[in-house]
Amino acid sequence: MEYVSRVPRPPLDELIDDLYYLEGAPPYARLRLPPSPAAFLVVNLGDPLRIRAGSGAEAEEYSDGCVVTTPTRAIEFGYPVSTRSVGVHFKPWGATSFLPMPAGELCDRPVTIEQAWGRSASDELRDRLATAAGPAEMLALLEDELMGRMRATTGLGLVATPAG
């Protein structure tokens, strides 16, 4: 399993903890993620991911990837036998600046990249990432995409982390 992570450049670093690249055989087939104040985005470049949100729900496939915002209950995240993806770990409410809908509307409801950004944007981004020279170029492409999608969001400055 290859995992590459880096902090994005300003101003993205105020909204995002890290960008990452993941490829290979995962050490586990399923990962149970606890409730969390932070969202994540996965652009999938391999076989579909499977996500089960809620204890009674059936797992759903996410071919192009997914956006998960502020889960209030555990979700089960299933990797294919061999995975390849790039993604974003957002700071609390950081995803809000990159979504065309209120992040609160997606609480406990994962959506595909296509549902969040549209089919042509999803397909174009996945094509560019799939043909990139390697992890560093892929993370740079994802960072550029996020810079182009970032918009000002009122109220995010109300909560700040203490300095130090």
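Laboratory data are not the source of any read-out in this text; all were calculated from the coordinates shown. Everything numeric here is computed off the predicted structure, so don't read it as measured data. Neighbour counts are summed over all protein chains in view; Cβ atoms, including those assigned to glycine, are modelled from backbone coordinates with ideal geometry.
Annotations for the structure displayed:
- Hydrodynamic radius (Kirkwood) for the chain, which is based on Cα pairs only, to one decimal in Å: 16.1 Å
- Annotation: extensible slack from Ala152 through His89 equals 20.8 nm (criterion: 0.36 nm per residue apart, minus Cα-Cα distance).
- For the chain, the Cβ-based charge dipole about the Cα centre amounts to some 380 debye (Lys, Arg positive; Asp, Glu negative; other atoms uncharged).
- Amide H contacts of Trp93: Ala39, each under 5 Å away and 5 or more positions distant or on a separate chain (H built 1.01 Å from N in the peptide plane; Pro and chain starts excluded).
- Legend: ranking of residues Val88, Val7, Val111 from fewest to most surrounding C-beta atoms inside 10 Å; resulting order Val7, Val111, Val88.
- Using the Karplus relation 6.51 cos²θ - 1.76 cosθ + 1.60 with θ = phi - 60°, the per-residue 3J(HN,Hα) values for the stretch 22-27 come to 9, 8, x, 7, x, x Hz, with x marking Gly and Pro.
- The chain: most fluctuating residue of Asp64, Asp47, Asp144 per GNM, C-alpha cutoff 10 Å: Asp144
- For the stretch 3-57, the gyration tensor built on C-alpha atoms gives an oblate shape. Its axis ratio a/c (a ≥ b ≥ c) is at least 1.5, and a/b is not larger than b/c.
- Amide H within-cut-off set for Thr83, under 5 Å, with H built and near neighbours excluded: Gly24, Ala25
- Structure-based [θ]222 nm, the chain - -39500 (n - 2.57) summed over DSSP H runs of at least 4, per residue, nearest 500: -6000 deg cm²/dmol
- Taking a ≥ b ≥ c as the square roots of the Cα gyration tensor eigenvalues, the stretch 40-108 comes out oblate, since a/c reaches at least 1.5 and a/b does not exceed b/c.
- Note on Ala140 and Ser63: the model spin-label points, each 7 Å out from Cα along the C-beta direction, lie 3.1 nm apart.
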